[in-house]
Structures are given as C-alpha cells and as structure tokens.
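Take a look at the structure set out below.
Any read-out appearing in this document is the output of simple, stated calculations on the displayed coordinates, not a laboratory observation. Since the structure is predicted, the reported quantities are computational estimates derived from the model, not experimental observations. No Cβ is skipped: glycine too gets one built from the backbone with ideal geometry, and neighbour counts run over all protein chains shown.
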Amino acid sequence: MMLVPTAAAPRPLPDLPREELERVLVADGVPATHARTLWRALHHHLAAELAERDEFLPPLRRWVAEHVGADRRFSLEFPAEADAIASSDGLTRKFLLRLADGQTIETVVMGFKGRHTACLSTQAGCAMGCVFCATGQMGFVRHLRPAEIVAQVHHAQRALRAAGQDGLRNLVLMGMGEPLHNYDHVMTALDIITDRSGLNLGPSKITISTVGVVPGILRLAAEQRPYHLAVSLHGATEEERSALVPASRRWPLAELMDACRAYFAQTGRRIFFEWTLIAGQNDSPAQAERLGKLLHGLAAHVNLIPLNPTGGFAGTATQTDAAKAFQQVLQQAGFPSTIRQRRGMDVAGGCGQLRAEKARESAARK
Ligand code: SAH
Ligand code: SF4
C-alpha cells in the first residue's frame, strides 16, 4: 500500500509566544518590526482576522496571505460561543466555548467595575477524579493547547469591551482541568498572556490552582514562576483527603505539605489553600483545628468554598453558621480565611457543571 503524505494540521497562531513569532517571521524574511505589529494586532487589538488590517505593511500582508489559513502553516480560529449565561445579579457570566474538535470548555468572568476576574479552563475534563467535582466526574478528555487557554482571555476581554466595561484585572486557573497536569502548555499560555505589549495581565494577578501535583509545585518554585499558588486540600488527614481527592494516593498529603514548605522556602510567597466545605464531612471545628496544625509554619490564606452540589455526588453545602465556626477556629490558629461568596454563583457553580448540564440536555433530546 502506498502511503500518501498528509499535510500537517496548521498550528494556531496564538500558540506562539512573541519571541517565537518573531523568529518565524524573520526566518521567512519579514523584518521583526512587522512581527511586533502582528503580535499587537493579535493580542492587544484582539483581531479575529488578519486580512484587512490598515497597519499591516506589504511584507506582512504577503506573509499573512501566504501562511495563515485553514490549509496553510498557521491558522487563526477562535472557539465559538456555544452558550453564555449571566447570574441573576449580573456580576458573573459563564461562557461555554466550543473548540475546533467539538470539545466544550467553560470560562467564567466575574466582578464589577474595574475589578474583573476570569476563571480559565486548562483541560477538557480532568484525570484527577475529585468526587464532588463535575469536571472530575466526566473524566479526562485531553489537554488544552496554549492557544485554547489564551483564547479564553481573548473571549473574556472581547465580552467586557463589548459591554463597555474595563478589562480583566485578575486570572485564576480554577476552571476545568488540572493546570499542573498540563504544565508546559499552561506556562506557554501564561507567557503569552502576561506579555507587556499584548494582553498584558500582571503575573502577580494570576493564581494557579492545583489538586496537589507535587512535581509541578516543585517545578514552579525551581523555575521561579511569578504566579500565586493555590492548593486544594479538602482534608487534613490522609484518610479524609483521599476519600474526596483520589490523587492524594499518588501524591500523599505529607509529601504535598513538604512540597508546599519547599515552595514557600524558595519563593517566600504565601500559599492559598482551598477547602470545599461539605456538610458533615469536612466541616467540623475539630477538622478546622487539624487544618490549622497542618499549615503550621506556612504563610497561608484559606479559601473556604461551600460545596456546589453536582449530579454525581450526594453531599450538600455547609451552612453559613458552621462555615463561620470553621473560619473562627482557623483564625485562632493564626490563619486568615475567606468564605467564597455565593453571590452571583447561581450560574458559576463549580466549573464543569454547565458542560455537564448541556450534555444531559442533548442526551434527553435524542
Ligand atoms: N484542578 C484544580 C483547579 C480547578 S478546580 C484544583 O483542583 O485545584 C478549582 C477549585 O474548585 C478546587 O479547589 C476544587 O476543589 C473546587 N471545586 C470543584 N468542584 C467543586 C464543587 N462542586 N463545589 C465546590 N468547589 C468545587
Ligand atoms: Fe480536576 Fe480540580 Fe475537579 Fe479535582 S477539583 S477533578 S483536580 S478540576
């Protein structure tokens, strides 16, 4: 049988960090200044297409005509908005974005006036299987490529511009997926997102949330990445934690805390710890006390998140009084904490819930 060579799929232009884009154009004989014009068109002006841009001079126009398109070396295609819903108070908007292969991911924009935060997805599905999480319940589908992470920021910025609002100030990688399981793509995306002449989000305004992928935490510290780290704990003993977070069997709590201490020693940066509050399961004062002991010696801030119920898990959210009592014990142990407000969260839920809901609806129609 003859093997017919098939053309490689075009590489999405927003996969390329600025230096790489410059190298590509210079290698093709286009001066670096034109690469910078192209970069600004993409990431500063948020151009959705490149055919009719007044600021492009002939060498750049020719390069775009020759190299960018569905059957070319590079492509420029943004995820389609499959759904968008707003919370009843209008402060939270959730977008369901359809990727080129049909996968859907969620991006959330929350906040008001000049203080908008976007919550980004880093994978379609997730391999970590946390029992209360809608994304964990769907299993792992695939990693997102850098362009698919960057495109979520584009989408959020476009939506804010269209509504006449100020742009994003903060980013949290707390959407679908485990960012440190997709380390390289996430770091490339963040290099692009923080570039001063493009999207220009401040590294100190970005938080990476992890279920506790120990090698990833150590790598963040070794590479001195300038982002904040949030670690999802949910349990302060190995037994209680592994019942909710199966990944704890792979990276046990003791190892995870050692990694957090090493991270703190190397970076001097305070760590955020996340704790999903589930009634009767991990919300007693005794459990709060154990958490305080576990964090001893660390500069830490605890985010308490009352559970958003999901289809695949029977638990319910801790009520406000019990959440406040939990918080008080932590306070006495010397740790500040925030109970994540549910205001506006009627749409945000836990990430993965909109996609799960849509999948149920389309199954019901069949
Ligand atoms: N995979 C990363 C980031 C995405 S999840 C991580 O696990 O940290 C972001 C946060 O939302 C985590 O702390 C996670 O435990 C929490 N979360 C997920 N589903 C939730 C739900 N249904 N209710 C409350 N918090 C949830
Ligand atoms: Fe994955 Fe985070 Fe959900 Fe756990 S909580 S399944 S790590 S997305």
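Please list, in order along the stretch 273-287, the HN-Hα scalar couplings obtained from phi with the Karplus expression 6.51 cos²θ - 1.76 cosθ + 1.60 (θ = phi - 60°), rounded to whole Hz, x for Gly and Pro.
Using θ = phi - 60°, the values come out as 10, 9, 9, 7, 8, 10, 3, x, 10, 9, 10, 8, x, 5, 5 Hz.
Using each residue's phi in the stretch 241-252, evaluate 6.51 cos²θ - 1.76 cosθ + 1.60 at θ = phi - 60° and report the 3J(HN,Hα) Karplus result to the nearest Hz, with x for Gly and Pro.
5, 5, 5, 9, 10, x, 4, 5, 6, 7, 10, x
May I ask for the angle, rounded to the nearest 10°, between helix 353-365 and the longest principal axis of the chain, with both axes built from Cα atoms and the value confined to 0 to 90°?
So the helix axis and the longest Cα principal axis differ by about 80 degrees.
Compute a Gaussian network model of the chain, connecting alpha carbons closer than 10 Å, and tell me which residue from Arg169, Arg145, Arg161 fluctuates the most.
Largest GNM mean-square fluctuation: Arg161.
Full-extension gain between Thr338 and His44, please, as 0.36 nm times their residue separation minus the C-alpha to C-alpha distance.
Numbers: separation 294, 0.36 × 294 = 105.84 nm, distance 3.39 nm.
Gain in length upon complete extension: 102.5 nm.
At 20 °C and a viscosity of 1.002 mPa s, what translational diffusion coefficient does Stokes-Einstein give for the chain, taking Rh as the Kirkwood radius over Cα pairs? Give it in µm²/s as a whole number. Don't skip to the end; give the middle numbers.
Working: Rh = 21.8 Å.
The diffusion coefficient I find is 98 µm²/s.
R0 = 51 Å: FRET efficiency of Ala82 with Ala262, Cβ-based, nearest 0.05? Numbers along the way, then the final one.
Details: r = 41 Å, r/R0 = 0.81.
Efficiency for this residue pair is about 0.80.
In whole Å, what is the distance between the alpha-carbon centres of the stretch 152-189 and the stretch 203-241?
About 18 Å separates the Cα centre of the stretch 152-189 from the one of the stretch 203-241.
Per residue of the stretch 178-187, in order, report the coupling 6.51 cos²θ - 1.76 cosθ + 1.60 (Karplus, θ = phi - 60°) as ³J(HN,Hα) in whole Hz, putting x for Gly and Pro.
Once rounded to whole Hz, the list reads 10, x, 7, 7, 10, 3, 5, 5, 5, 5.
Can you tell me what share of the DSSP beta bridges in the chain is antiparallel? A percent to the nearest 5 is fine.
Working: 22 of 49 bridges.
Given both bridge residues lie in the chain, the antiparallel proportion sits at roughly 45 percent.
Under a no-solvent Debye model with one identical scatterer per Cα of the stretch 79-204, what's log10 I(q)/I(0) at q = 0.14, 0.18, 0.22 Å⁻¹?
Treating every Cα as an identical point scatterer, log10 I(q)/I(0) equals -0.58, -0.96, -1.37.
Would you calculate, for the chain, the mean residue ellipticity at 222 nm contributed by helices, counting each DSSP H stretch of 4 or more residues as -39,500 (n - 2.57) and dividing by all residues, to the nearest 500? Write down the numbers at each step before the final one.
Numbers: 13 runs with 136 residues, N = 366.
Taken over the chain, the calculation gives -11000 deg cm²/dmol.
Name the shape class, rounded, prolate or oblate, that the alpha-carbon gyration tensor gives for the stretch 22-96, where a ≥ b ≥ c are the square roots of its eigenvalues, rounded holds for a/c under 1.5, and otherwise prolate holds if a/b is larger than b/c and oblate otherwise. Don't jump to the answer; show the numbers that get you there.
Numbers: a/c = 3.24, a/b = 2.35, b/c = 1.38.
Prolate is the answer for the stretch 22-96, as a/c is 1.5 or above and a/b outweighs b/c.
Can you tell me which lysines have their Cα less than 30 Å from the Cα of Lys113? Leave out same-chain residues fewer than eight positions away.
Within the straight-line cut-off, Lys113 pairs with Lys94, Lys205, Lys324.
More than 19 Å apart: what percent of Cα pairs in the stretch 201-276 qualify? Can you show the working numbers first?
Values: 870 of 2850 pairs.
Here the tail beyond 19 Å accounts for 31 percent of pairs.
Counting DSSP beta bridges in the stretch 248-328, what percent are antiparallel, to the nearest 5? All intermediate terms of the calculation are to be shown ahead of the outcome.
Values: 1 of 8 bridges.
So the antiparallel bridges in the stretch 248-328 amount to around 10 percent.
If each residue of separation counts as 0.36 nm, what is the full-extension length gain between Glu357 and Glu20 once their alpha-carbon separation is subtracted? List each step's numbers first, then the result.
Details: separation 337, 0.36 × 337 = 121.32 nm, distance 3.93 nm.
Result: 117.4 nm gained on full extension.
Which loop-located GluC sites (Glu not before Pro) does the stretch 1-90 contain, where loop means any DSSP state but H, G, I, E or B and the Cβ has at most 15 other Cβ atoms within 10 Å? Please list the in-between numbers first.
On the way: sites: Glu19, Glu20, Glu22, Glu49, Glu52, Glu55, Glu66, Glu77, Glu81; in loops: Glu49, Glu52, Glu55, Glu77.
Qualifying residues, ordered by number: Glu49, Glu52, Glu55.
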